[in-house]
Amino acid sequence: MTNCKFPKKFIWGAAAASYQIEGAWKADGKGESIWDRFSHTPGKIARGETGDVACDHYHKYKEDVELIKQIGLHAYRLSVSWPRIFPNGAGKVNPKGLDFYDRLIDELLKNDITPFVTLYHWDLPQKLEDKGGWRNKATSYAFADYAKEFTKHFSDRVTHWMTQNEMICASDAGYKKGSQAPGAKEDVKTVNQVRHNLMLAHGLGVLAIRANTKKKCEVGLAHNSGLMIPKTKSKKDLAALKLAYEDSRNWDSNGWWLEPIFNGSYPTQAWENYGKNVPAITPKEMKIISTPIDFYGLNVYFGELVEGFYKDGKLNYREAPYPKNHPKTSMDWDINTECTYYGIKFISENYKVKKFYITENGAAFNDVVSKDGRVHDKVRVKFLKSHVASAHRLFKDGINLAGYFVWSLMDNYEWAFGYDKRFGLIYVDYKNNQKRILKDSALWYKEVIKNNAVKI
Ligand code: FCB
């Protein structure tokens, strides 16, 4: 058995997002979000489930913070519901919306838990969507105002900020495939504009937070880059992986986002390929988007296998399918925990990243409450343990990984899949008065945090 020890100040946390846990969708003056609208539209969500009540975290936040404390988490990554703060997306602030986050953040701090705050985890005010939503640059500027107001109010207590979560889901699932809110299916040019406007909002958000913070803080984002893993450790596959990652600097899944954020321009090849479908941009916007960030947060779930092959004496790469019987999570995602190591290594080799966090990592399995009243989620423990060990490898390469957040703190509303995909460290019994049960994975994680180490 090896004991993987983590650096002294390593941050162990867990994450969740407003729409997925809060419920209280109309409480205290909250405006409608695109997720309220989408989930109430027949046929969009499995079993017609909505986030109207979710985990009722809005009312149960004290109990939830108590559980966070019990697990021993150093930090909790939460997101803010924009329409709680600005019911109309812009204009007048709703003081009761601020009050909720005051209560939650104060409760966290009282218990020595550091809040990591994400400003946008997909619940856009519907009022802004009615005016065009992310298709319009006006929404990016509305986001900047929201970031400013929120920072002014909370930066005496919040010092870790993320602007956006997984922009590619907000754009492509939301405005291209239509599988997530607002459920639009736009043409290529519009989708590219949505992507650009999300990035612009990110950049404006970074500037707004820095300009209005009362305390020294760190600002970044949480993103899901496309991750790849070598099929074998042969020289050929490792060299092929390098080629694939280099090429991915032109792909939608990687370079389309990373190049503007880190290098201030869209990848040349990809830009040319899009031809007349490129978004409308200005040099000033590119400068805003590439405002240096303090950290890059990577959400890690799965990766594709890559293998090398020779053609005309030249090394090439291709995706290698996982075998049919390869283990999967209940999301049908192939399990391969090495994506944590190879994914972050790639980003760190190609972009100047000062600091990384793993802002999400976890898996849905079909958890059940056993006769003893506990949830013995052995497979999740195995999954998380192996990812944490994969993350540990990064230290040998001198990479500054500063923290790790499990997705998720508790079972919650998994977007269009509804409630049956359980990702939590805490089991939520939705039918039994929202009872919370610490799963075995939570108890395992408690030990990891206590020892600042994982045994594999
Ligand atoms: C990520 C999302 C998060 C959750 C997990 C499973 O893409 O950021 O809200 O749904 O996937």
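Leaving ligands, DNA and RNA out of it, rank Ile293, Ile281 by accessible area with a 1.4 Å probe, largest first.
Correct descending sequence by accessible area is Ile281, Ile293.
Need one value: the accessible area of Thr139 in square angstrom, 1.4 angstrom probe, rounded to the nearest 10.
We get 10 Å² for Thr139.
Provide the solvent-accessible area of Thr232, counting protein heavy atoms only and rolling a 1.4 Å probe, rounded to the nearest 10 Å².
60 Å²
Which value, in debye to the nearest 20, describes the size of the charge dipole of the stretch 291-343 about its Cα centre when Lys and Arg Cβ atoms bear +1, Asp and Glu Cβ atoms bear -1, and nothing else is charged?
Working: 5 positive and 8 negative charges, 42 e Å.
Roughly 200 debye, rounded to the nearest 20.
Would you mind telling me the antiparallel percentage of the DSSP bridges in the chain, rounded to 5?
Numbers: 16 of 53 bridges.
So the antiparallel bridges in the chain amount to around 30 percent.
Using per-residue counts of other Cβ atoms within 10 Å, averaged over each peptide, order 141-152, 263-274, 184-195 from highest down.
141-152, 184-195, 263-274
Could you work out [θ]222 nm for the chain from helices alone, using -39500 (n - 2.57) per DSSP H run of at least four and dividing by all its residues? Round to the nearest 500 deg cm²/dmol.
One gets -11000 deg cm²/dmol as the mean residue ellipticity at 222 nm.
If I ignore ligands, DNA and RNA and count only protein heavy atoms, how much of His121 is accessible to a 1.4 Å probe, in Å² to the nearest 10?
10 Å²
From the C-alpha gyration tensor of the stretch 45-183, pull out the three semi-axes of the equivalent ellipsoid (sqrt of 5λ each), sorted largest to smallest, in whole Å.
26, 19, 14
If DNA, RNA and ligands are ignored and the probe is 1.4 Å, what is the ranking of Asp367, Asp28 by accessible area, most exposed first?
Most to least solvent-accessible, the answer reads Asp28, Asp367.
Between the stretch 188-225 and the stretch 84-144, how far is it from one alpha carbon centroid to the other, in angstrom?
14 Å
Highest mean first, what order results for 340-348, 305-313 on Cβ atoms within 10 Å?
340-348, 305-313
Summing Lys, Arg as +1 and Asp, Glu as -1, what charge do residues with Cβ under 11 Å from the Cβ of Pro125 carry, Pro125 excluded?
Residues close to Pro125 contribute a combined charge of 0.
Which distance in Å, rounded to a whole number, links the C-alpha centroids of the stretch 228-304 and the stretch 350-407?
First find each Cα centre; the distance between them is then 24 Å.
Could you tell me which of rounded, prolate or oblate describes the stretch 173-272, using a ≥ b ≥ c as the square roots of the eigenvalues of the alpha-carbon gyration tensor, with rounded for a/c under 1.5 and, failing that, prolate when a/b is larger than b/c and oblate otherwise?
It comes out oblate by the Cα gyration axes.
Before I look further, what does the chain give for accessible area per residue, probe 1.4 Å, in whole square angstrom?
Accessible surface, normalised per residue, equals 41 Å².
Rounded, prolate or oblate: which one fits the chain, using the alpha carbon gyration tensor with axes a ≥ b ≥ c (rounded when a/c is under 1.5, else prolate when a/b beats b/c, else oblate)?
rounded
Over the chain, what percent of the accessible surface lies on carbon and sulfur atoms, probe 1.4 Å?
Carbon and sulfur atoms account for 53 percent of the accessible area of the chain.
The values are calculated or read from the model by the stated rules, or taken from the named source; none is laboratory data. Treat the numbers as computed from the prediction; the structure is a model and nothing was measured. Virtual Cβ from ideal backbone geometry, glycine too; neighbours counted across all protein chains shown. Side chains included, ligands, DNA and RNA excluded: accessible areas come from the protein's heavy atoms. Shrake-Rupley method; radii C 1.70, N 1.55, O 1.52, S 1.80 Å.
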